[in-house]
Every structure is written in structure tokens, then in C-alpha cells.
């Protein structure tokens, strides 16, 4: 069965991004070290075309496993582009250059329609304007039996959680306090979900928590 | 060296208590299951005089270790008593009956002076009206070389964190979403602390994260 999953790194106080995200600070102010645990791993470096070597061990294992059975990605507009408006004449092609690390279909939730953007090496960005259910249906079809992952950000994850559509979440907790920004779990009235802890693993400077979500 | 430590259980969204704490809901609304991981353990049941048996294993080991070298406890008024006002004629004797589980000196931060309250079996409550530094100095003296722990609540922990006085924190994360209440880490402008992850352990339905705090 194809599952909807999510990998997300949070500060110890629960933020996935700092305040004032911008071209200069794609992750928001103060959040530049949020993903330090992942950057030196062999899997991350290979996926991003930086090198074929890197650190191995638990953090690398977790990243490799995270990408192993993924057939499509869903993300919010903010994760794809810094611009809120219509796409314009020379539309933004994503944060990842001409060879994005996804190598499968990526569905971007946006209010502005746009033709699919075919990148090299297997990544195609599809722009979905009719909501999260439609994006999930399209992503599951594209995944062809594999799982679908939510790339982020927090708002998109929250929408899928609240709608009872997310099956599994991996939360990577790092030893930072951000204080402000986008919280992963920001539900003044939490949705009626049951979280089933699947595992807790110790990384080098990160704690890996996995939950199954029962609806 | 005597350290200032803290054991605290939080929901996955970071709350140590729900909203509207009261006599009826000492932990606030919706938070009754926050400590479910600890209640069935042998250590908890023994400390609270319920029984001498109970669950063993990682959660029990962690609780036993948590209490092993503690010589004094500091807590906020709210953790000791539901009343905010002066103590009155028949003053509150704590939530724990006549045989509290501490069995050492407990320093209660309050705005209202009161004579020490000597309970059976080694627990004496001291009421400290001159602030967190004074409470810590008194607690370290009483601990006589052992460590001091902060019982809670969130506000007291935050004060000691912000003042750079907390040396180590154990955060026990349980699979609940509370949405509202008292957040453990609620610093819009975080204090300049360095958190050093010491360990991550998997309990039965809880993740145990320990950090050393460098000032």
C-alpha cells in the first residue's frame, strides 16, 4: 500500500524554520544550522551531486531509508519558490538548480497555475491549484505503488495532518532553540489523531522519532 | 560537583501541562495521560507507596536513575499548591499527602513566606521568597554534594534556563498533542545556551532525550 510520509527536522522548541524567510534566508533567520546533521552524510551529498563520499552511520542510514521507496513528493509553494505572486515571464525553477535531488514527480501546491516544469534527471514539477486532496491523488498515481512524501513546509504538513491523510512522520530533533518562525505542530485545537511511536533512534547530534498516525 | 538537573515530560507539541490547571485538573485539561509512561513502572509505584512491584525495563531504569543522586528539589508554587494567595489558616500541605515521594528538602518558590513544613519520611518543604538564585543556593547546601532537581513547572524551568543555571535536562516526549497550556520551551528570544545532546533512548511509548547545557 502506498503511504503518505514526511521527513522533517525541528529545533528542540519545535520550529522547522526561523522567522522572515527570504532569498537570503531560505530557512528563515537563525535556522541555518537546522539541517547540519544531514549535510555531511554520504546520502545527502550523493543526492545533491556534491560528492559520492561522506559520513556513514545511523544518520546516513536514516536518510537513505527515507528516500528509498519514495515515488513522488508534495510540497508547498514556499518550499519551491520565494515568490508569492503569479509566476511571471521567467518563472522560478526551484531552489535546487537544474538537477534537483528528487528524481521523480514533485507536486507543488500553489494558487497560480503553471505548465509542468521538466528538469533533467527525472524530476518534473507539477503545479497543483485545486488543493491537497487533488495533489495527493495525483502524487499517488505518479508514485505507482511507491510511497509519497511531503517535502514541507510546516503549513502543508499541518494541512495533511489535520485532514487525516498523513500516515507516518519522521521528526528529526536537533539541539537548537529558534524561538520564532514556523512551528511543526501548531494546533491550538489538535486534530483527533492517534500517534503511535514506531521508533526512537540516536543520531550524532540529532534524535530521530518516528510515529504512525492513526485516523 | 553538584549539578542542577531537570526531568520533564512533554507532549510531542511541547507542552508540559494543558490549559486551565485546577484542583480537578492538576496538570490542566487534556493532560491526564502525559505521565502514563511513568505510572506503571516499579520505581514510580515504589516511590509513591503504591506497591513494590511494577514494570521494569528502560522507562523504569530511567526513572530510578533520575532519582538516584538527588539531594534536594526546587519547584514553583503552582506545582506545590493550587492557591495563588497567602497561605491562610489551614495551609495546603502539597499534592502528595502526608508521605511525599521526595524524601529530601524541597524548596518552593513563592511570594508568600511560610514556616518550613516537615512531613513524614524525610521530606521538608521550605518556602523561598527571595528568588531562584537563593533557592538554588539553599538547595545545593541541603543536597550536601548530591545533585538538585527542578520539579517544575515550565515557568520555573524557563527561569533557570534563561539565567544559565540549569546544567542538564531530560525531556521525555510522549505521543500526545495538547495544543494549548504551558510550553516547556517558550522563548521568543532564546537565551544564548548551547545544548549538547548526551543521549536518546527509546522507551515503551516515550522518547527520552538528555541534553547538557553549556552556558
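Coordinate-derived values only; no laboratory data. Keep in mind the model is a prediction, meaning the values are calculated, not measured. Cβ placement follows ideal geometry from the backbone for every residue including glycine, while neighbour counts extend to all protein chains displayed.
For this structure, a couple of remarks:
- Average partner coverage of B:194-201, which counts Cβ from other chains inside 10 Å: 5
- Shape analysis of chain A places it in the rounded category; the axes a ≥ b ≥ c from the Cα gyration tensor give an a/c below 1.5.
- Rel. contact order, % - alpha carbon contacts under 8 angstrom, at least six apart, the stretch B:4-214: 29 percent
- Summary of packing: across the peptides B:111-122, B:189-200, the per-residue average of other C-beta atoms within 10 Å ranks them, highest first, as B:189-200, B:111-122.
- Pairwise centroid distance, computed over Cα atoms, of the stretch B:145-215 with the stretch A:39-54, Å: 33 Å
- Axis-nearest residue in chain B [Cβ, rotation onto A], distance in whole Å: B:14, 2
- Mean residue ellipticity (222 nm) of the protein assembly as shown, computed from DSSP H runs ≥ 4 via -39,500 (n - 2.57), nearest 500: -5500 deg cm²/dmol
- Label point 7 Å beyond Cα along the C-beta direction, distances from residue A:130 to other copies (nm, shortest first): 7.2
- Overall form of the stretch B:99-215 per C-alpha gyration tensor (a/c, 1.5; a/b vs b/c): prolate
- Within 10 Å of each Cβ in B:10-22, the average number of Cβ atoms from other chains: 2
- Take each residue of peptide A:166-174, count the partner chain Cβ atoms within 10 Å of its Cβ, and average: the result is 1.
- By the equivalent-ellipsoid construction on the alpha carbon gyration tensor, the protein assembly as shown comes out with semi-axes of 46, 21, 21 Å, ordered largest to smallest.
- Placing a label point 7 Å from the Cα of residue A:25 along the Cα-to-Cβ direction, the distances to the matching points in the other copies come to 3.5 nm, shortest first.
- Antiparallel bridge percentage (DSSP; both residues within the stretch B:4-214; nearest 5): 40 percent
- Cα gyration tensor, the stretch B:11-52 - rounded (a/c under 1.5), prolate or oblate: oblate
- Among beta bridges identified by DSSP and lying wholly in the protein assembly as shown, the antiparallel ones come to about 40 percent.
- The convex hull defined by the C-alpha atoms of the stretch A:129-181 has an orientation-averaged projected area of 4.9 nm².
- Across the identical copies, how the residue B:86 labels are spaced - nm, sorted shortest first, 7 Å along Cα→Cβ: 7.1
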